[in-house]
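The values are calculated or read from the model by the stated rules, or taken from the named source; none is laboratory data. Keep in mind that this is a model prediction, so the values were computed, not measured. Cβ placement follows ideal geometry from the backbone for every residue including glycine, while neighbour counts extend to all protein chains displayed. Areas reflect the complete protein model, heavy atoms only, side chains present, ligands, DNA and RNA absent. Shrake-Rupley method; radii C 1.70, N 1.55, O 1.52, S 1.80 Å.
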Amino acid sequence: DIQMTQSPSSLSASVGDRVTITCRASQSISTYLNWYQQKPGKAPKLLIYVASSLQSGVPSRFSGSGSETDFTLTISSLQAEDLATYYCQQSYSTPHTFGQGTKVEIK
Amino acid sequence: EVQLVQSGAEVKEPGESLKISCKVSGYSFSGYWIAWVRQMPGKGLEWMGIIYPGDSDTRYSPSFQGQVTMSADKSISTAYLQWSRLKASDTAKYYCARYGDYLRRGNNYYFYGMDVWGQGTTVTVSS
């Protein structure tokens, strides 16, 4: 199985801050890396697919980059409604493993 | 509108069987892979496996192989996840989700993200 490691596990930032979450794969996954947002008590929501493609309807402050083993999710200007846990997931080979999640809190 | 609507919460005893469902609407059920994802209380997301309703091709995570069975009924656009003998450790919320697209190269499949999710089914297993 491909292991996905996210960092940090949690972070606290102020509204308007630039936030970066990283995800590392244990082997190359090309660009088959997706990012999800899960708000408390809700189902996950797709934000970014194939590393850098913004899912329809997702605000442009979210962006993704990276390839092979190293990937980044960036929130350019954190908003209060971005309080959530963020997960990366590789969809290169089954099982399509998730990272352990990054909990984003608002200061 | 594309929707995945899951069956309601279940409370079961250890050793019982269970089948939960995920009914889709708004798109061609046969043409998209459906995934099942587990979330244990207070924990992260775990990928269980996928099924292609068109031909019932199924791929399980090794962690769940032999523990659950995925199936699909094209006539009613519904995917299922079932257990033959539940354990307390199966207590979790289970989500179904649709993969939006994929690329096939020979026998290899490369998937895009899961773009539509069900609301989740909470399964509680307790004596």
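With R₀ fixed at 35 Å, the C-beta to C-beta distance from residue B:2 to residue B:69 puts the FRET efficiency at about 0.85.
Principal semi-axes of the equivalent ellipsoid, √(5λ) from the alpha carbon gyration tensor of chain A, are 22, 14, 13 Å from largest down. Placing a label point 7 Å from the Cα of residue B:28 along the Cα-to-Cβ direction, no residue of the range A:43-68 has a backbone N closer than 12 Å. Phi angles across the range B:48-57 convert, under the Karplus curve 6.51 cos²θ - 1.76 cosθ + 1.60 with θ = phi - 60°, into 3J(HN,Hα) values of 9, x, 9, 9, 9, x, x, 9, 6, 4 Hz, Gly and Pro given as x.
Contact residues in the range B:38-69 by the 40 Å² criterion (accessible area, 1.4 Å probe, full protein complex versus chain alone): B:45, B:47. In sequence order, the range B:21-35 has phi-based couplings of 10, 9, 9, 9, 8, x, 7, 6, 4, 5, x, 10, 5, 10, 10 Hz under the Karplus curve 6.51 cos²θ - 1.76 cosθ + 1.60, θ = phi - 60°, and Gly or Pro positions carry x. Taking B:50, B:76, B:34 in turn, the Gaussian network model of chain B (Cα-Cα springs below 10 Å) assigns the largest fluctuation to B:76. With the convex hull drawn around the C-alpha atoms of chain B, the volume per residue stands at 107 Å³.
Relative contact order for the range A:1-86: 34 percent, from Cα pairs under 8 Å spaced at least 6 residues apart, divided by residue count. Springs join every pair of Cα atoms under 10 Å in this Gaussian network model of chain A, and among A:52, A:91, A:26 the largest mean-square fluctuation is at A:26. Between residue B:104 and residue A:7, the FRET efficiency from the beta-carbon distance, with R0 = 45 Å, is close to 0.85.
Thinking of the protein assembly as shown as a set of Cα atoms, what percent of all their pairs are more than 33 Å apart? Cα-Cα pairs in the protein assembly as shown separated by more than 33 Å: 16 percent.
Net length available on complete extension from residue B:122 to residue B:43 is 27.1 nm, with 0.36 nm assigned per residue and the Cα-Cα distance removed. The spacing between the range A:2-43 and the range B:63-127, judged by their C-alpha centroids, is 22 Å. Database remark: amide H of residue B:64 closer than 5 angstrom to no amide H (H placed geometrically; neighbours at sequence offset of 5 or more, or on other chains; Pro and chain starts carry no H). Distant-in-sequence amide contacts of residue B:16, defined by a placed amide H-H separation under 5 Å and a gap of 5 or more residues or a different chain, comprise B:86.
Between residue A:74 and residue A:39, what FRET efficiency follows from the Cβ-Cβ distance if R0 is 22 Å, with the result rounded to 0.05? Computed FRET efficiency for residue A:74 and residue A:39 comes out at 0.70.
Counting 0.36 nm for each residue step from residue A:17 to residue A:53 and taking away their Cα separation leaves a gain of 10.7 nm.
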